[in-house]
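> My structure is below; once you've seen it, I'll send some questions.
The values are calculated or read from the model by the stated rules, or taken from the named source; none is laboratory data. Computed from a predicted structure; not experimentally measured. Cβ placement follows ideal geometry from the backbone for every residue including glycine, while neighbour counts extend to all protein chains displayed. Remember, those area values only see protein heavy atoms, side chains included, never the ligands or the DNA or RNA. Shrake-Rupley method; radii C 1.70, N 1.55, O 1.52, S 1.80 Å.
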Amino acid sequence: MKAEIISIGTELLLGEIVNTNAAYLAKQLPLLGFDLYFITTVGDNKQRLINTLKQACDRADIVITTGGLGPTQDDITREAVAEFLQEDIAIDPVLVKRLEDIFSKFNFEMSPSNIKQAGIIPSARIIDNAFGSAPGWWIEKNNKTIIILPGPTGELKSMWKSTVLPELKKRSEEIIVSRTLKLFNIPESQVDEK
């Protein structure tokens, strides 16, 4: 099966942070037998993200996005995915309560903008986030799987290990094996010729 990763965030394009999420996922997918053909980075622009999602779904079976699930105006992943799939986002009262509990636990007042993190579309199921306020989405639609994960690496890795990895393991009985040769004192061109 073919996979594609979409990393979302203008801060990635500006070089403000290193895209460790894409590197992590790129190492994980071959262990499950998925061919990773593309890693795309797109800024916080809804129309560009919609175009990128269309392109990714045209060429991959599984699309994994990272980033853009926070409460701020530039966090547009949910809205872009909903528009791309032509579905409406509804606020889930159970998720609102979860958010309120998280903020209460840390003695913070929850901003009204956090409510958008409780939004979900009909075709999505929630991927629980044990270390943050932004749940992920798992979507199965039009013979494609779209997995929406948050940007903070600790949250992404936790969600990957607890939910995404076990679910994807059920879909493939293969692995991709590669071998790394470490050589020294020989030019790359000579290694290639041999």
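> Select from segment 35-70 the residues that are among the hydrophobic types (A, V, I, L, M, F, W, C) and either assigned to a strand (DSSP E or B) or within 16 Å of residue 21 (Cα to Cα) (or both) and list them in ascending order. Working first, answer last.
Initially, segment 35-70 is screened for residues among the hydrophobic types (A, V, I, L, M, F, W, C), giving 36, 38-39, 42, 49-50, 53, 56-57, 60, 62-64, 69.
Hits for segment 35-70 are 36, 38, 39, 42, 62, 63, 64, 69.
> Is there a residue being closer than 24 Å to residue 18 by Cα and among the hydrophobic types (A, V, I, L, M, F, W, C) anywhere in segment 170-191?
no
> Something else about it: I need a count of the residues in segment 56-67 that are open to solvent by 10 Å² or more (accessible area, probe 1.4 Å) and touching a residue at least 12 places away in the same chain (Cβ under 8 Å).
Summing the residues that are open to solvent by 10 Å² or more (accessible area, probe 1.4 Å) and touching a residue at least 12 places away in the same chain (Cβ under 8 Å) in segment 56-67 gives 3.
> Give the residue that is most open to solvent (accessible area, probe 1.4 Å), with candidates limited to residues of segment 167-194 that are outside any helix (DSSP H, G or I) and within 15 Å of residue 2 (Cα to Cα).
Checking each candidate, the answer is 173.
> Residues that are open to solvent by less than 10 Å² (accessible area, probe 1.4 Å) and over 20 Å from residue 93 (Cβ atoms): list the strands (runs of 3 or more DSSP E) wholly contained in segment 111-166 that include at least 3 such residues.
Of the strands (runs of 3 or more DSSP E) lying wholly inside segment 111-166, those with at least 3 residues that are open to solvent by less than 10 Å² (accessible area, probe 1.4 Å) and over 20 Å from residue 93 (Cβ atoms) span 144-149.
> In segment 90-110, is there at least one residue being within 23 Å of residue 64 (Cα to Cα), open to solvent by 60 Å² or more (accessible area, probe 1.4 Å), out of contact with any strand residue (DSSP E or B) (no Cβ under 8 Å at 6 or more places or on another chain) and in contact (Cβ under 8 Å) with a residue 24 or more places away in the chain?
So far as segment 90-110 goes, no, none of its residues is within 23 Å of residue 64 (Cα to Cα), open to solvent by 60 Å² or more (accessible area, probe 1.4 Å), out of contact with any strand residue (DSSP E or B) (no Cβ under 8 Å at 6 or more places or on another chain) and in contact (Cβ under 8 Å) with a residue 24 or more places away in the chain.
> Would you please name the residue that is farthest from residue 44 (Cα to Cα), looking only at residues in segment 71-83 that are open to solvent by less than 50 Å² (accessible area, probe 1.4 Å) and either part of a loop (DSSP other than H, G, I, E, B) or not β-branched (Val, Ile, Thr) (or both)?
Out of the qualifying residues, it is 82.
> Cβ-Cβ below 6 Å, separation at least six or inter-chain, first residue in segment 134-162 and more than 17 Å from residue 19 (Cα to Cα), second of a type in the set (Gly, Ala, Ser) and modelled with pLDDT of 95 or more: which pairs?
137/124; 139/123; 139/124; 141/123; 159/136
> If you don't mind, another one. In segment 1-39, which residues are of a type in the set (Ser, Thr, Tyr) and open to solvent by 30 Å² or more (accessible area, probe 1.4 Å)?
Residues of segment 1-39 that are of a type in the set (Ser, Thr, Tyr), as a first pass: 7, 10, 20, 24, 37.
Scanning segment 1-39 gives 10, 20, 24, 37.
> On to the next question. If a residue must be over 19 Å from residue 180 (Cβ atoms) and without any contact (Cβ under 8 Å) to a residue 60 or more places away in the chain, how many such residues does segment 23-51 contain?
Residues that pass the stated criteria total 15.
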